1. Give the residue that is farthest from the chain's Cα centre (by Cα), with candidates limited to residues of the stretch 51-88 that are within 16 Å of ligand 2 (Cβ to nearest atom), under 24 Å from G166 (Cβ atoms) and surrounded by 20 or more Cβ atoms within 10 Å (Cβ to Cβ).
2. Out of contact with any His (no Cβ under 7 Å at 6 or more places or on another chain) and away from ligand 1 (no atom under 16 Å from the Cβ): does that describe V167?
3. Which of the residues spanning the stretch 177-192 are under 14 Å from the mean Cα position of the chain (by Cα) and away from ligand 2 (no atom under 16 Å from the Cβ)?
4. Output the helices (runs of 4 or more DSSP H) that fall wholly within the stretch 1-114 and possess 3 or more residues being within 16 Å of ligand 1 (Cβ to nearest atom), or say none.
5. So, in the stretch 233-254, of the ones that are outside any helix (DSSP H, G or I) and small (G, A, S), which residue ends up nearest to ligand 2 (Cβ to nearest atom)?
6. For the stretch 132-153: of the residues being more than 20 Å from the chain's Cα centre (by Cα) and at pLDDT 95 or above, which is farthest from L165 (Cα to Cα)?
7. What's the total number of residues in the stretch 12-23 that are within 19 Å of H210 (Cβ to Cβ) and more than 14 Å from ligand 2 (Cβ to nearest atom)?
8. Residues in the stretch 200-213: is at least one free of Cβ contacts under 8 Å to residues at least 12 places away in the same chain and closer than 25 Å to I137 by Cα?
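The values are calculated or read from the model by the stated rules, or taken from the named source; none is laboratory data. Since the model is a prediction, treat every value here as computed from it, not as a measurement. Heads up, the Cβs are rebuilt from the backbone with ideal geometry, glycines too, and the neighbour counts pull from every protein chain shown.
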Amino acid sequence: MSVLEVEALHASAGTREVVRGVDLTVRSGEVHVVMGPNGSGKSTLAHALMGRPGTTVTSGSIRIDGKELVGLPAWRRAKAGLFLALQQPIEVPGVLLEAAMEEALSGPAGDAGGDPAGAAEIPAEIPARLREEAAAIGFDERFLARPLNVDLSGGERKRNEVVQLGVLRPKFAVLDEIDSGLDVDAVRAVARRIERATSEWGLGVVAVTHFHRLLRELRADTVHVLVDGRLVKSGGPELAEDLERTGYRAYGADEGDEGAA
Ligand SMILES: Nc1ncnc2c1ncn2[C@@H]1O[C@H](COP(=O)(O)OP(=O)(O)O)[C@@H](O)[C@H]1O
Ligand SMILES: [Mg+2]
């Protein structure tokens, strides 16, 4: 049983403070959903958790099982068990998916820089695991041989992230609009895969989404509303449906916050 604890987190993107005091506790197997108007800081929160360059934590704490992640580079946070699926996954020309997974699984373990020797047997399994994960969500096997995300459509990139999630088996996954750009069948398959992961290895999930349809197959324990960099309301899955009807105005969002894209 693991726990991700975010405490009084403040973070800036560029020069602007965007995340303005977020507290969040996620335990193994739990699904937390973050919804909020455009520009409310959802992606910045996700980036702050993973330590994406360009996002700076100005105060607060992010811990997995008591271990402080603030100040650590992204790869060390990954080693501590955190995974981020970007809203817009980037192309990494020249780096094959398989090689990236091999590197991720075989690098030094844990924060101490640990035990590179322990990874010697992993690589042989990786191609099989990639194929298995691809099949689970209808991701074309041919894409597995590509450099990371190169020449993939938006929806294919999203599925590619989920394939990686299944191979890496992190303790906690932050999924930034994993459902955007996916057709309805793909949303269902991806949501099911993630839901299965919560019991398969106790994955804890922080899922940013605009659509409650993701939650038909991925059962949310808690839905949070992020407005202006703060979680202004938390509730059960019904909150996601309410939001789709009422919008965010009742939660203090400016009218302008609810535009498209
Ligand atoms: N690198 C940056 N420099 C300046 N402002 C940024 C940067 N990244 C994001 N922002 C701003 O921070 C706010 C929150 O952005 P974001 O976290 O992407 O919102 P959301 O994901 O909720 O739509 C937006 O107003 C956005 O324009
Ligand atoms: Mg975003």
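1. So the first thing to find is which residues in the stretch 51-88 are within 16 Å of ligand 2 (Cβ to nearest atom), and the list is 52, 54-55, 84-88.
Filter again for under 24 Å from G166 (Cβ atoms), leaving 52, 84-88.
Next, from what is left, pick out any that are surrounded by 20 or more Cβ atoms within 10 Å (Cβ to Cβ): 84-86.
On the way: L84: 4, A85: 4, L86: 7 Å.
Only one residue fits best here, namely L86.
2. Working: out of contact with any His (no Cβ under 7 Å at 6 or more places or on another chain): yes; away from ligand 1 (no atom under 16 Å from the Cβ): yes.
Yes: the conditions hold for V167.
3. Our first condition is that a residue be under 14 Å from the mean Cα position of the chain (by Cα); within the stretch 177-192, this holds for 177-180, 190-191.
Selection gives V190, A191.
4. Values: elements: 42-50, 74-79, 97-106.
Where helices (runs of 4 or more DSSP H) fall fully within the stretch 1-114 and carry at least 3 residues being within 16 Å of ligand 1 (Cβ to nearest atom), they are 42-50.
5. Our first condition is that a residue be outside any helix (DSSP H, G or I); within the stretch 233-254, this holds for 233-237, 247-248, 252-254.
From the residues that got through so far, the ones that are small (G, A, S) too are 234-236, 247, 252-253.
On the way: S234: 19, G235: 21, G236: 23, G247: 17, G252: 19, A253: 15 Å.
Applying the filter and picking the extreme gives A253.
6. A135
7. Within the stretch 12-23, the subset within 19 Å of H210 (Cβ to Cβ) is 18-19, 22.
Retained after the next criterion (residues that are more than 14 Å from ligand 2 (Cβ to nearest atom)): 22.
Number of matching residues: 1.
8. Let us first name the residues in the stretch 200-213 that are free of Cβ contacts under 8 Å to residues at least 12 places away in the same chain, namely 200.
Okay, now just the ones that are also closer than 25 Å to I137 by Cα, so 200.
Looking for residues that are free of Cβ contacts under 8 Å to residues at least 12 places away in the same chain and closer than 25 Å to I137 by Cα, one finds at least one in the stretch 200-213, hence yes.
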